[in-house]
Amino acid sequence: MEVNRVQAVASFSKNVDTIPSEFIRSEEEQPAITTLHGVVLEVPVIDLSHSDEEKLVKLIAEAAQNWGLFQVVNHGIPDEAISKLIEVGKEFFELPKEEKEVIAKTPESGIEGYGTSLQKEIDGKRGWVDHLFHKIWPPSVIDHKYWPKNPPSYREANEEYAKKVREVSDNLLKYLSLGVGLEGHEMKAAAGGDDLIYLMKINYYPPCPRPDLALGVVAHTDMSTITILVPNEVQGLQVFRDGYWYDVKYIPNALIIHIGDQIEILSNGKYKAVLHRTTVIKEKTRMSWPVFLEPPPEHEVGPISKLVNEENPSKYKTKKYKDYVYCKLNKLPQ
Ligand code: OGA
Ligand code: NI
């Protein structure tokens, strides 16, 4: 199946100041009109090396409750592991088209592979972004068919990052669990425990001649439990807060943590999934590396029973994660 990649569209559009109409958003979405300019939102920054665990739990719970997005520093992932991840991902996207198409998504491959645009947009619009998805943990679900063979160090860099990102995410899930009054292991257990799937995505946003009119990824909340994201140096993440879209200022080497739908559900609404989107720029390629922590497809997710009582009745249905994904991607009610 021949798909017109955004990277190819971008190279045709390089010396003009127009973009194909399918990339032009409606006025309700155009970043130039809908962004609150001149204000950079400073989301909570949490130092994970904090020795006072109680304090850390409180900070993380507050951020997950009031923002749904926060950044962590001193997270224990060495700068080198992050810069290697970035380097090999960038090298893959800079390969000739034919080499990337070798691992393109097919109707059978599900979410994994090189591709363009995930959700079916009702108005037929497209985001200014290509992506690559592949699972990085646990070993039983990894299919190396979807991991780039080139550059040759791709695998090692991703294996190393996967190891480190699991350490951070285990801690975050523990703090989020303690933050709603559960025991440390309960949140992760309810999300699938050791079967929790770590899905790597690389977003590749080429330079765009009309960043005022296009969006990268459109407004959404992540379906995951949490998402742990590394960006390159180009800003572009926006969050919706108090009725406006704001640019998020990020800090070099910090990880950006998104609260996704499944933690909102498990916590029975105490934690809030964050509505976010991305913008693009004229001069540079933006890239990002979110890792989505997802329940296994057959795993049932619903509000954790200890968090449901007469004052807090269950706010969400309990359903298999795969059914949740199906409804969300097809824009059906949950
Ligand atoms: C996503 C996403 C944000 C970014 O891929 O779900 O929200 O900064 N990406 O690229
Ligand atoms: Ni997202």
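The values are calculated or read from the model by the stated rules, or taken from the named source; none is laboratory data. Everything numeric in this text was worked out from a predicted model, so none of it was measured. Glycine gets a Cβ as well: all are built from the backbone with ideal geometry, and neighbour counts include every protein chain shown. These area figures cover heavy atoms from the full protein model, side chains too; ligands, DNA and RNA do not enter into them. Shrake-Rupley method; radii C 1.70, N 1.55, O 1.52, S 1.80 Å.
The single residue among VAL239, VAL248 that is at pLDDT below 95, touching a Leu at 6+ places or on another chain (Cβ under 6 Å), open to solvent by less than 10 Å² (accessible area, probe 1.4 Å) and within 16 Å of ligand 1 (Cβ to nearest atom) turns out to be VAL248.
The set of residues in the range 299-334 being hydroxyl-bearing (Ser, Thr, Tyr), part of a loop (DSSP other than H, G, I, E, B) and loosely packed, with under 14 Cβ neighbours inside 10 Å consists of THR318 alone. Of all the listed residues (VAL180, VAL168, VAL217), the sole one being of a type in the set (A, V, I, L, M, F, W, C) and either over 29 Å from HIS50 (Cβ atoms) or within 16 Å of ligand 1 (Cβ to nearest atom) (or both) is VAL217. Consider the range 203-216 and keep the residues that are of a type outside the set (Gly, Ala, Ser) and surrounded by 24 or more Cβ atoms within 10 Å (Cβ to Cβ). The one that is farthest from LEU266 (Cα to Cα) is CYS208. Can you work out which of the residues in the range 231-262 that are more than 30 Å from ARG210 (Cβ to Cβ) and under 14 Å from the mean Cα position of the chain (by Cα) is nearest to ligand 2 (Cβ to nearest atom)? Out of the qualifying residues, it is GLY260. Taking the range 59-148 and the strands (runs of 3 or more DSSP E) fully enclosed by it, the elements with 3 or more residues that are at pLDDT 95 or above and touching a strand residue (DSSP E or B) at 6+ places or on another chain (Cβ under 8 Å) are at 69-73, 130-137.
Taken over the range 21-31, the criterion of being within 26 Å of the chain's Cα centre (by Cα) and open to solvent by 20 Å² or more (accessible area, probe 1.4 Å) is satisfied by GLU22, ILE24, SER26, GLU27, GLU28, GLU29, GLN30.
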